[in-house]
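Presented below is the structure to which this report refers.
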Amino acid sequence: MMIRCWCKWLNLTLAIMSKIDKFFTSFCFIGGLTAALLTAHPAQAFKITGVDYLGQSTFPTGFSFQGTELGGLSGITYDASKDVYYSISDDRSEKAPARFYTLKIDISQGSLKQGGVMPVDVTTLLNINNQPFAPLSLDPEGIALTSQGSLFISSEGDANQLINPFVNEFSLAGQQLQTLPVPQKFLPTAAKDSGIRNNLAFESLTLTPDQKYLFTATENALVQDGAVADIKVASPSRILKYNLVTGKPEQEFLYVTDPVAAAPNPVNSFKTNGLVDLLAVNKDTFLSLERSFSTGVGNTIKLFEVSLEKATDISSINSLSAINLNTIKPAQKKLLLDFEKLGVTLDNIEGLTFGPDLADGRKSLIVVSDNNFSPIQFTQVLAFGIGTKSAAHRSVPEPSALAGLVFAALVSIKVKRHIHS
(Lines give C-alpha, C1' and ligand atoms only; values in the text may rest on other atoms or scores of the structure.)
Protein backbone atom coordinates (compact mmCIF):
# COMPACT_ATOMS: atom_id res chain seq x y z
CA MET A 1 0.00 0.00 0.00
CA MET A 2 2.78 2.45 0.96
CA ILE A 3 4.62 1.66 -2.29
CA ARG A 4 1.47 2.13 -4.38
CA CYS A 5 0.75 5.52 -2.68
CA TRP A 6 4.31 6.63 -3.19
CA CYS A 7 4.18 5.65 -6.84
CA LYS A 8 0.87 7.43 -7.28
CA TRP A 9 2.27 10.69 -5.91
CA LEU A 10 5.46 10.26 -7.97
CA ASN A 11 3.39 9.85 -11.13
CA LEU A 12 1.32 12.87 -10.15
CA THR A 13 4.46 14.96 -9.62
CA LEU A 14 5.87 13.89 -12.99
CA ALA A 15 2.57 14.69 -14.66
CA ILE A 16 2.55 18.20 -13.19
CA MET A 17 6.16 18.74 -14.18
CA SER A 18 5.39 17.63 -17.73
CA LYS A 19 2.85 20.44 -17.94
CA ILE A 20 5.14 23.08 -16.49
CA ASP A 21 5.54 24.82 -19.85
CA LYS A 22 1.80 25.21 -20.19
CA PHE A 23 1.63 26.47 -16.63
CA PHE A 24 4.18 29.23 -17.21
CA THR A 25 2.61 30.06 -20.53
CA SER A 26 -0.45 30.95 -18.51
CA PHE A 27 1.59 33.09 -16.10
CA CYS A 28 0.18 36.20 -17.75
CA PHE A 29 -3.17 35.02 -16.45
CA ILE A 30 -1.75 35.22 -12.93
CA GLY A 31 -0.77 38.83 -13.51
CA GLY A 32 -4.17 39.61 -14.94
CA LEU A 33 -5.95 37.92 -12.06
CA THR A 34 -3.73 39.72 -9.56
CA ALA A 35 -4.50 43.05 -11.20
CA ALA A 36 -8.19 42.26 -11.19
CA LEU A 37 -8.12 41.39 -7.52
CA LEU A 38 -6.21 44.57 -6.71
CA THR A 39 -8.77 46.56 -8.65
CA ALA A 40 -11.56 44.88 -6.74
CA HIS A 41 -9.72 45.46 -3.44
CA PRO A 42 -7.86 48.80 -3.72
CA ALA A 43 -5.16 49.92 -1.29
CA GLN A 44 -6.62 50.29 2.16
CA ALA A 45 -7.87 53.76 3.07
CA PHE A 46 -7.18 55.27 6.48
CA LYS A 47 -8.63 57.89 8.75
CA ILE A 48 -6.54 60.32 10.76
CA THR A 49 -7.05 59.94 14.48
CA GLY A 50 -4.47 62.33 15.88
CA VAL A 51 -1.47 64.58 15.23
CA ASP A 52 1.46 64.44 17.67
CA TYR A 53 4.33 66.93 17.69
CA LEU A 54 7.80 65.32 17.33
CA GLY A 55 10.09 68.36 17.44
CA GLN A 56 11.76 70.91 15.20
CA SER A 57 15.02 71.96 13.61
CA THR A 58 15.80 75.47 12.36
CA PHE A 59 18.26 77.41 10.22
CA PRO A 60 19.02 81.12 10.64
CA THR A 61 18.33 83.47 7.75
CA GLY A 62 21.54 83.87 5.76
CA PHE A 63 22.55 80.21 6.10
CA SER A 64 24.74 79.42 3.09
CA PHE A 65 24.90 76.10 1.25
CA GLN A 66 26.87 75.39 -1.93
CA GLY A 67 27.04 79.07 -2.80
CA THR A 68 23.34 79.74 -2.28
CA GLU A 69 21.30 81.18 0.56
CA LEU A 70 19.08 78.42 1.91
CA GLY A 71 15.68 79.93 2.53
CA GLY A 72 12.22 80.56 1.14
CA LEU A 73 11.28 76.88 1.56
CA SER A 74 7.70 76.98 0.35
CA GLY A 75 7.02 73.33 -0.50
CA ILE A 76 8.44 69.90 0.26
CA THR A 77 8.09 66.33 -1.03
CA TYR A 78 9.55 62.99 0.10
CA ASP A 79 11.54 60.49 -2.01
CA ALA A 80 11.17 57.15 -0.21
CA SER A 81 13.55 55.36 -2.61
CA LYS A 82 16.42 57.56 -1.43
CA ASP A 83 15.08 58.62 1.98
CA VAL A 84 15.54 62.30 1.10
CA TYR A 85 13.27 65.31 0.73
CA TYR A 86 13.14 67.89 -2.07
CA SER A 87 12.18 71.39 -0.95
CA ILE A 88 11.50 74.24 -3.36
CA SER A 89 12.83 77.72 -2.64
CA ASP A 90 10.58 80.60 -3.69
CA ASP A 91 13.56 82.76 -4.59
CA ARG A 92 12.56 84.36 -7.91
CA SER A 93 16.08 83.84 -9.29
CA GLU A 94 17.19 86.97 -7.42
CA LYS A 95 19.59 85.72 -4.74
CA ALA A 96 20.56 82.70 -6.88
CA PRO A 97 18.94 80.91 -9.83
CA ALA A 98 15.56 79.30 -9.04
CA ARG A 99 16.29 76.00 -7.29
CA PHE A 100 15.25 73.19 -5.00
CA TYR A 101 17.21 71.64 -2.13
CA THR A 102 17.72 67.99 -1.26
CA LEU A 103 17.46 67.47 2.49
CA LYS A 104 18.08 64.65 4.94
CA ILE A 105 15.70 64.75 7.89
CA ASP A 106 16.41 62.41 10.79
CA ILE A 107 13.27 61.20 12.59
CA SER A 108 14.58 57.64 12.97
CA GLN A 109 14.24 57.79 16.77
CA GLY A 110 10.68 59.06 16.64
CA SER A 111 11.59 62.70 17.15
CA LEU A 112 13.21 65.64 15.36
CA LYS A 113 15.98 67.48 17.16
CA GLN A 114 17.94 70.63 16.40
CA GLY A 115 20.53 69.69 13.78
CA GLY A 116 18.37 66.82 12.52
CA VAL A 117 17.88 68.50 9.13
CA MET A 118 20.86 68.60 6.79
CA PRO A 119 21.01 69.93 3.21
CA VAL A 120 22.90 67.55 0.91
CA ASP A 121 22.40 69.08 -2.54
CA VAL A 122 20.96 72.04 -4.45
CA THR A 123 19.56 71.79 -7.99
CA THR A 124 19.01 74.70 -10.38
CA LEU A 125 15.75 74.71 -12.34
CA LEU A 126 16.16 75.09 -16.10
CA ASN A 127 13.61 76.56 -18.49
CA ILE A 128 12.49 75.12 -21.83
CA ASN A 129 15.72 76.43 -23.41
CA ASN A 130 17.76 74.51 -20.83
CA GLN A 131 18.85 77.76 -19.17
CA PRO A 132 18.34 78.98 -15.58
CA PHE A 133 15.18 81.04 -15.18
CA ALA A 134 15.72 84.78 -15.55
CA PRO A 135 15.28 86.94 -12.44
CA LEU A 136 11.63 87.71 -11.61
CA SER A 137 10.33 85.39 -14.37
CA LEU A 138 8.73 82.93 -11.91
CA ASP A 139 7.72 82.47 -8.28
CA PRO A 140 8.16 78.75 -7.47
CA GLU A 141 5.99 77.60 -4.57
CA GLY A 142 4.77 73.98 -4.75
CA ILE A 143 6.60 70.70 -5.41
CA ALA A 144 5.49 67.07 -5.80
CA LEU A 145 7.49 63.94 -6.66
CA THR A 146 6.14 61.42 -9.18
CA SER A 147 6.66 57.65 -9.06
CA GLN A 148 8.75 58.05 -12.24
CA GLY A 149 11.33 60.14 -10.40
CA SER A 150 10.35 63.54 -11.79
CA LEU A 151 9.03 66.65 -10.04
CA PHE A 152 6.02 68.82 -10.68
CA ILE A 153 6.63 72.40 -9.60
CA SER A 154 4.11 75.24 -9.47
CA SER A 155 4.80 78.93 -9.87
CA GLU A 156 2.54 81.77 -8.75
CA GLY A 157 3.73 83.94 -11.61
CA ASP A 158 3.35 87.68 -11.11
CA ALA A 159 -0.07 89.23 -11.63
CA ASN A 160 1.36 92.78 -11.55
CA GLN A 161 3.78 92.00 -14.37
CA LEU A 162 1.28 89.76 -16.24
CA ILE A 163 3.50 86.70 -15.79
CA ASN A 164 1.29 83.63 -15.88
CA PRO A 165 1.32 80.99 -13.16
CA PHE A 166 2.51 77.56 -14.25
CA VAL A 167 2.54 73.89 -13.33
CA ASN A 168 5.58 72.31 -15.01
CA GLU A 169 7.33 68.96 -14.78
CA PHE A 170 11.09 68.78 -14.22
CA SER A 171 13.67 66.02 -13.97
CA LEU A 172 15.59 65.56 -10.74
CA ALA A 173 18.49 67.22 -12.61
CA GLY A 174 16.32 70.34 -12.97
CA GLN A 175 15.51 70.04 -16.69
CA GLN A 176 12.01 71.10 -17.74
CA LEU A 177 10.07 68.18 -19.24
CA GLN A 178 6.57 69.49 -19.89
CA THR A 179 4.14 72.32 -19.17
CA LEU A 180 0.56 71.62 -18.11
CA PRO A 181 -2.12 73.96 -19.52
CA VAL A 182 -3.60 76.49 -17.10
CA PRO A 183 -7.28 77.45 -17.65
CA GLN A 184 -7.83 80.96 -18.97
CA LYS A 185 -9.79 82.07 -15.89
CA PHE A 186 -6.59 81.81 -13.80
CA LEU A 187 -4.44 84.02 -16.04
CA PRO A 188 -3.87 87.66 -15.01
CA THR A 189 -5.16 90.43 -17.28
CA ALA A 190 -4.05 93.98 -17.95
CA ALA A 191 -7.48 95.21 -16.88
CA LYS A 192 -7.00 93.39 -13.54
CA ASP A 193 -10.61 92.23 -13.70
CA SER A 194 -9.91 88.49 -13.67
CA GLY A 195 -7.25 85.91 -12.94
CA ILE A 196 -4.87 85.37 -10.05
CA ARG A 197 -3.97 88.00 -7.51
CA ASN A 198 -0.32 88.74 -6.97
CA ASN A 199 1.29 86.43 -4.39
CA LEU A 200 -2.03 84.59 -3.89
CA ALA A 201 -1.91 82.01 -6.67
CA PHE A 202 -0.59 78.43 -7.04
CA GLU A 203 1.03 78.01 -3.63
CA SER A 204 0.14 74.31 -3.25
CA LEU A 205 0.82 71.10 -5.18
CA THR A 206 0.15 67.41 -4.51
CA LEU A 207 -0.15 64.08 -6.34
CA THR A 208 -2.68 61.40 -5.44
CA PRO A 209 -1.12 58.10 -4.30
CA ASP A 210 -2.30 56.36 -7.49
CA GLN A 211 -0.39 59.01 -9.51
CA LYS A 212 -3.44 59.69 -11.69
CA TYR A 213 -4.24 63.19 -10.49
CA LEU A 214 -2.34 66.34 -9.61
CA PHE A 215 -3.89 69.11 -7.54
CA THR A 216 -2.96 72.73 -7.03
CA ALA A 217 -4.97 75.62 -5.61
CA THR A 218 -5.06 79.38 -5.38
CA GLU A 219 -4.06 80.81 -2.04
CA ASN A 220 -7.02 83.22 -2.12
CA ALA A 221 -9.85 84.02 -4.53
CA LEU A 222 -9.37 84.85 -8.18
CA VAL A 223 -10.20 88.50 -8.87
CA GLN A 224 -13.56 87.57 -10.41
CA ASP A 225 -14.43 85.14 -7.62
CA GLY A 226 -14.52 87.34 -4.53
CA ALA A 227 -12.54 89.12 -1.86
CA VAL A 228 -9.22 88.25 -0.27
CA ALA A 229 -9.27 87.00 3.31
CA ASP A 230 -9.68 89.69 5.96
CA ILE A 231 -10.87 90.04 9.55
CA LYS A 232 -14.20 88.16 9.63
CA VAL A 233 -13.96 87.67 5.86
CA ALA A 234 -13.25 84.25 4.30
CA SER A 235 -11.92 83.91 0.75
CA PRO A 236 -13.25 81.52 -1.95
CA SER A 237 -10.14 79.80 -3.31
CA ARG A 238 -10.19 77.33 -6.20
CA ILE A 239 -8.69 73.85 -6.15
CA LEU A 240 -7.59 72.78 -9.64
CA LYS A 241 -7.45 69.07 -10.51
CA TYR A 242 -5.30 67.76 -13.38
CA ASN A 243 -5.77 64.36 -15.02
CA LEU A 244 -2.21 63.15 -15.62
CA VAL A 245 -3.35 60.55 -18.15
CA THR A 246 -4.61 63.30 -20.47
CA GLY A 247 -2.29 66.01 -19.13
CA LYS A 248 -5.22 68.42 -18.91
CA PRO A 249 -7.19 70.17 -16.17
CA GLU A 250 -10.29 68.13 -15.36
CA GLN A 251 -12.21 69.71 -12.47
CA GLU A 252 -12.21 72.65 -10.06
CA PHE A 253 -13.59 72.89 -6.54
CA LEU A 254 -14.41 75.67 -4.11
CA TYR A 255 -12.25 75.83 -0.98
CA VAL A 256 -13.22 78.53 1.52
CA THR A 257 -10.29 79.78 3.60
CA ASP A 258 -10.77 80.95 7.16
CA PRO A 259 -10.80 84.71 7.85
CA VAL A 260 -7.61 86.39 9.05
CA ALA A 261 -7.01 85.10 12.58
CA ALA A 262 -6.21 88.36 14.40
CA ALA A 263 -6.30 92.11 13.85
CA PRO A 264 -2.85 93.56 13.09
CA ASN A 265 -1.05 96.13 15.18
CA PRO A 266 -1.02 98.91 13.96
CA VAL A 267 -4.60 98.40 12.81
CA ASN A 268 -4.06 99.30 9.14
CA SER A 269 -0.89 97.25 8.66
CA PHE A 270 -0.47 94.02 6.66
CA LYS A 271 -2.64 90.98 7.31
CA THR A 272 -3.47 87.84 5.34
CA ASN A 273 -4.71 84.27 5.48
CA GLY A 274 -4.46 81.71 2.72
CA LEU A 275 -4.36 78.11 1.59
CA VAL A 276 -0.62 77.44 1.37
CA ASP A 277 -0.42 73.71 0.71
CA LEU A 278 -2.38 70.52 0.01
CA LEU A 279 -1.34 66.92 0.63
CA ALA A 280 -3.33 64.07 -0.92
CA VAL A 281 -4.36 61.16 1.30
CA ASN A 282 -6.36 59.68 -1.58
CA LYS A 283 -8.19 61.07 -4.62
CA ASP A 284 -10.89 62.70 -2.47
CA THR A 285 -9.21 63.37 0.90
CA PHE A 286 -6.42 65.83 1.63
CA LEU A 287 -4.58 67.64 4.36
CA SER A 288 -4.52 71.40 3.93
CA LEU A 289 -2.38 74.08 5.54
CA GLU A 290 -3.71 77.57 6.14
CA ARG A 291 -1.36 80.30 7.24
CA SER A 292 -2.63 83.55 8.71
CA PHE A 293 -0.27 86.44 9.44
CA SER A 294 -0.93 89.81 11.04
CA THR A 295 1.72 92.47 11.60
CA GLY A 296 2.53 92.81 15.28
CA VAL A 297 0.87 89.48 16.07
CA GLY A 298 2.67 86.82 14.04
CA ASN A 299 1.61 83.58 12.35
CA THR A 300 -1.42 81.40 12.98
CA ILE A 301 -1.05 77.97 11.35
CA LYS A 302 -3.88 75.45 11.04
CA LEU A 303 -3.95 71.91 9.65
CA PHE A 304 -7.24 70.65 8.22
CA GLU A 305 -8.56 67.40 6.83
CA VAL A 306 -10.37 68.16 3.57
CA SER A 307 -12.89 66.12 1.59
CA LEU A 308 -13.86 66.68 -2.05
CA GLU A 309 -16.19 63.70 -2.11
CA LYS A 310 -19.38 65.81 -2.25
CA ALA A 311 -17.88 69.04 -3.60
CA THR A 312 -19.35 70.66 -6.72
CA ASP A 313 -17.25 70.83 -9.89
CA ILE A 314 -17.05 74.57 -10.64
CA SER A 315 -14.76 74.38 -13.70
CA SER A 316 -17.55 75.69 -15.96
CA ILE A 317 -18.14 78.75 -13.74
CA ASN A 318 -15.89 81.64 -14.74
CA SER A 319 -16.94 83.97 -11.93
CA LEU A 320 -18.12 82.90 -8.50
CA SER A 321 -19.15 86.49 -7.75
CA ALA A 322 -21.83 86.21 -10.40
CA ILE A 323 -23.67 83.32 -8.79
CA ASN A 324 -25.22 82.35 -5.47
CA LEU A 325 -22.52 80.45 -3.59
CA ASN A 326 -25.21 78.67 -1.58
CA THR A 327 -25.89 76.60 -4.70
CA ILE A 328 -22.34 75.20 -4.59
CA LYS A 329 -21.06 72.52 -2.26
CA PRO A 330 -17.52 73.51 -1.22
CA ALA A 331 -14.76 71.23 -0.02
CA GLN A 332 -15.49 70.11 3.54
CA LYS A 333 -12.91 71.05 6.16
CA LYS A 334 -12.24 69.59 9.61
CA LEU A 335 -9.65 71.15 11.91
CA LEU A 336 -6.96 68.67 12.94
CA LEU A 337 -4.44 70.95 14.63
CA ASP A 338 -4.00 74.59 15.57
CA PHE A 339 -0.21 74.96 15.75
CA GLU A 340 -0.60 77.50 18.55
CA LYS A 341 -1.03 74.51 20.87
CA LEU A 342 2.55 73.39 20.17
CA GLY A 343 3.99 76.10 22.39
CA VAL A 344 6.77 77.00 19.94
CA THR A 345 7.46 80.21 18.02
CA LEU A 346 6.09 79.72 14.53
CA ASP A 347 7.60 80.98 11.32
CA ASN A 348 5.79 81.34 7.98
CA ILE A 349 4.81 77.66 7.54
CA GLU A 350 3.95 76.93 3.89
CA GLY A 351 4.79 73.31 2.90
CA LEU A 352 3.98 69.77 4.05
CA THR A 353 4.60 66.16 3.04
CA PHE A 354 4.30 62.66 4.42
CA GLY A 355 7.66 61.15 5.34
CA PRO A 356 8.55 57.53 6.22
CA ASP A 357 6.41 55.48 8.59
CA LEU A 358 7.61 55.67 12.19
CA ALA A 359 8.73 52.63 14.15
CA ASP A 360 5.42 52.54 16.02
CA GLY A 361 3.45 52.36 12.76
CA ARG A 362 2.35 55.99 12.63
CA LYS A 363 2.86 58.05 9.50
CA SER A 364 5.25 60.97 9.74
CA LEU A 365 4.39 64.45 8.55
CA ILE A 366 6.99 67.12 7.81
CA VAL A 367 6.26 70.84 7.41
CA VAL A 368 8.60 73.65 6.36
CA SER A 369 8.58 77.44 6.57
CA ASP A 370 9.31 80.16 4.04
CA ASN A 371 11.45 82.68 5.92
CA ASN A 372 11.03 85.28 3.14
CA PHE A 373 14.82 85.70 3.41
CA SER A 374 14.03 88.11 6.24
CA PRO A 375 16.59 88.72 9.00
CA ILE A 376 13.79 88.73 11.60
CA GLN A 377 12.58 85.27 10.52
CA PHE A 378 14.12 81.79 10.34
CA THR A 379 13.75 78.56 8.36
CA GLN A 380 11.76 76.06 10.41
CA VAL A 381 11.19 72.33 9.91
CA LEU A 382 8.58 70.65 12.14
CA ALA A 383 7.85 66.91 12.42
CA PHE A 384 4.65 65.15 13.48
CA GLY A 385 3.37 61.63 13.99
CA ILE A 386 0.00 60.98 12.36
CA GLY A 387 -2.21 58.47 14.14
CA THR A 388 -4.40 56.53 11.72
CA LYS A 389 -6.93 53.75 11.69
CA SER A 390 -8.11 51.63 8.82
CA ALA A 391 -11.31 52.69 7.10
CA ALA A 392 -12.07 48.98 6.57
CA HIS A 393 -11.92 46.07 8.99
CA ARG A 394 -10.18 43.70 6.61
CA SER A 395 -6.62 44.34 5.57
CA VAL A 396 -5.56 43.96 1.95
CA PRO A 397 -2.42 41.95 1.11
CA GLU A 398 0.48 43.68 -0.60
CA PRO A 399 0.58 43.08 -4.39
CA SER A 400 3.52 40.67 -4.08
CA ALA A 401 1.75 38.67 -1.38
CA LEU A 402 -1.45 38.63 -3.39
CA ALA A 403 0.40 37.37 -6.45
CA GLY A 404 1.82 34.56 -4.31
CA LEU A 405 -1.65 33.64 -3.13
CA VAL A 406 -2.90 33.53 -6.71
CA PHE A 407 0.09 31.39 -7.71
CA ALA A 408 -0.62 28.94 -4.90
CA ALA A 409 -4.29 28.84 -5.81
CA LEU A 410 -3.52 28.00 -9.42
CA VAL A 411 -1.12 25.22 -8.39
CA SER A 412 -3.82 23.83 -6.12
CA ILE A 413 -6.35 23.92 -8.96
CA LYS A 414 -4.01 22.06 -11.30
CA VAL A 415 -3.23 19.39 -8.69
CA LYS A 416 -6.91 18.81 -7.93
CA ARG A 417 -7.72 18.56 -11.61
CA HIS A 418 -5.00 15.94 -12.10
CA ILE A 419 -6.19 13.88 -9.13
CA HIS A 420 -9.76 13.85 -10.38
CA SER A 421 -8.87 13.20 -14.02
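In segment 48-98, of all residues being part of a strand (DSSP E or B) and without any contact (Cβ under 8 Å) to a residue 40 or more places away in the chain, the one that is farthest from L207 (Cα to Cα) corresponds to S64.
Based on this model, can you work out whether S89 counts as more than 18 Å from Q56 (Cα to Cα), surrounded by 15 or more Cβ atoms within 10 Å (Cβ to Cβ) and either of a type outside the set (G, A, S) or under 20 Å from the mean Cα position of the chain (by Cα) (or both)? Outline the logic, then answer.
Details: more than 18 Å from Q56 (Cα to Cα): yes; surrounded by 15 or more Cβ atoms within 10 Å (Cβ to Cβ): yes; either of a type outside the set (G, A, S) or under 20 Å from the mean Cα position of the chain (by Cα) (or both): yes.
The answer is yes for S89.
When restricted to residues that are surrounded by fewer than 24 Cβ atoms within 10 Å (Cβ to Cβ), under 21 Å from A263 (Cβ atoms) and not basic (K, R), segment 227-237 contains 6. Residues of segment 123-147 that are within 21 Å of T206 (Cα to Cα) and either acidic (D, E) or free of Cβ contacts under 8 Å to residues at least 12 places away in the same chain (or both): D139, E141. Would you confirm whether any residue within segment 105-122 is surrounded by fewer than 17 Cβ atoms within 10 Å (Cβ to Cβ), more than 29 Å from P236 (Cα to Cα), at pLDDT 95 or above and of a type in the set (V, I, T)? Among the residues of segment 105-122, at least one is surrounded by fewer than 17 Cβ atoms within 10 Å (Cβ to Cβ), more than 29 Å from P236 (Cα to Cα), at pLDDT 95 or above and of a type in the set (V, I, T), which makes the answer yes.
Taken over segment 263-280, the residue count meeting the criterion of being open to solvent by 20 Å² or more (accessible area, probe 1.4 Å) and farther than 20 Å from I376 by Cα is 3. Scanning segment 281-306 for residues that are surrounded by 15 or more Cβ atoms within 10 Å (Cβ to Cβ) and of a type in the set (G, A, S), we see that the one that is nearest to V256 (Cα to Cα) is S288.
When S154 is tested against (1) free of Cβ contacts under 8 Å to residues at least 24 places away in the same chain; (2) buried (at least 17 other Cβ atoms within 10 Å of the Cβ), exactly one condition is not met: (1). Scanning segment 197-225 for residues that are farther than 18 Å from D370 by Cβ, open to solvent by less than 30 Å² (accessible area, probe 1.4 Å) and not acidic (D, E) yields L207, T208, L214, F215, A221, L222, Q224.
The values are calculated or read from the model by the stated rules, or taken from the named source; none is laboratory data. If you're wondering where the values come from, they're calculated on a predicted model, not measured in any experiment. Here the Cβ is made from the backbone with ideal geometry for all residues, glycine too, and neighbour counts use every protein chain on show. Each accessible area value is taken on the protein alone, full model and side chains, heavy atoms only, with ligands, DNA and RNA left out. Shrake-Rupley method; radii C 1.70, N 1.55, O 1.52, S 1.80 Å.
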